[in-house]
Amino acid sequence: MIKTFVMFLWYTKWPWINSDPGKQKEPLLTMAKLTIVCLLVGYLAGSFSQMLIHQKLIPDPGPTILDYNDVSWFHFFMGAVLLAPILEELIFRAQLKRFSGMLLFVSLIFGALLSAIVKTYWALLISPLIFGILFITYRFTLAGSVTRKFRFWKRVFPWHFHLTAVCFALLHLANFEKGIALLPLGLLYTLPQLSIGLMLGFTRMIYGLKYSIILHSLYNLFFVIVLFLQQ
């Protein structure tokens, strides 16, 4: 477990494009280690975020959607443990190993940001336009040379890796009633999601997408169980 934690810290500091992972000799043990590290990282980040609030270093974010009992436990379980991990990993982590996936992700994020600013989903329609511009630029600048493309991808990948984690964290501002109004301090309220986003990105790159999906599901399952026991 300590080795996994150190690997995570090292990779987060210097992300690199890893080759496709081979089959794990002990997948259950690997999954157990990843889950423990993930829970530890999330707990530490959450404790720090709560400390900032309790010490009044940042304003109280107010109620969250969990403070309301509008959703049945069945639907909450299905969404948190099954649906969200699959969809979020496909959006935020699956594209980490594909250059074209990065272009699509950046386009979607730009559209989502504009949509949040102007407060209309119609702004998402700009995403295909942004993707078209980025793809055409790529075709006429990098596509002609594998070496030039790889050097560029290697140079920008660390930035893209951390961008996906930041976007993943900011997405979870939706868990708060105030939502995007919590910006520009949004990352301080979603430090657990930021750390988990980095952990899931590390897992996807080193162990594979299926491991990041399962880890995401197990992490959410843990907190669903905790919330259920607190009722």
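The values are calculated or read from the model by the stated rules, or taken from the named source; none is laboratory data. Owing to the predicted nature of the structure, the values given are computational and were not obtained by experimental measurement. FYI the Cβ positions are ideal-geometry reconstructions off the backbone, even for glycines, and counts take in every protein chain you see. In case anyone asks, the SASA skips ligands and DNA or RNA and just uses the protein heavy atoms, side chains included. Shrake-Rupley method; radii C 1.70, N 1.55, O 1.52, S 1.80 Å.
Numbers for the structure displayed
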| item | result |
| --- | --- |
| Residues satisfying the stated conditions in the range 10-42, i.e. free of Cβ contacts under 8 Å to residues at least 12 places away in the same chain and within 27 Å of LEU183 (Cα to Cα) | LYS13 |
| Residues of the range 116-170 classified as modelled with pLDDT of 85 or more and either open to solvent by less than 70 Å² (accessible area, probe 1.4 Å) or among the charged types (D, E, K, R) (or both), total | 32 |
| Count of residues meeting criterion [of a type in the set (Gly, Ala, Ser) and either in contact with a Ser or Thr (Cβ under 7 Å, 6 or more places away or on another chain) or buried (at least 21 other Cβ atoms within 10 Å of the Cβ) (or both)] in the range 187-231 | 4 |
| Whichever residue in the range 6-25 is farther than 12 Å from TYR207 by Cα and part of a loop (DSSP other than H, G, I, E, B) and, among such residues, is most open to solvent (accessible area, probe 1.4 Å) | TRP14 |
| The range 171-185, subset in a helix (DSSP H, G or I) and of a type outside the set (A, V, I, L, M), residue most open to solvent (accessible area, probe 1.4 Å) | ASN175 |
| Matching residues, the range 55-93, being open to solvent by 20 Å² or more (accessible area, probe 1.4 Å) and charged (D, E, K, R) | LYS56, ASP60, ASP67, ASP70, GLU88 |
| LEU113 being in a helix (DSSP H, G or I), within 30 Å of ARG155 (Cβ to Cβ) and at pLDDT below 90 | yes |
| GLY179 vs. criteria touching a helix residue (DSSP H, G or I) at 6+ places or on another chain (Cβ under 9 Å) and at positive phi | yes |
| Options LEU28, LEU52, LEU39, LEU96; residue that is open to solvent by 90 Å² or more (accessible area, probe 1.4 Å) and hydrophobic (A, V, I, L, M, F, W, C) | LEU28 |
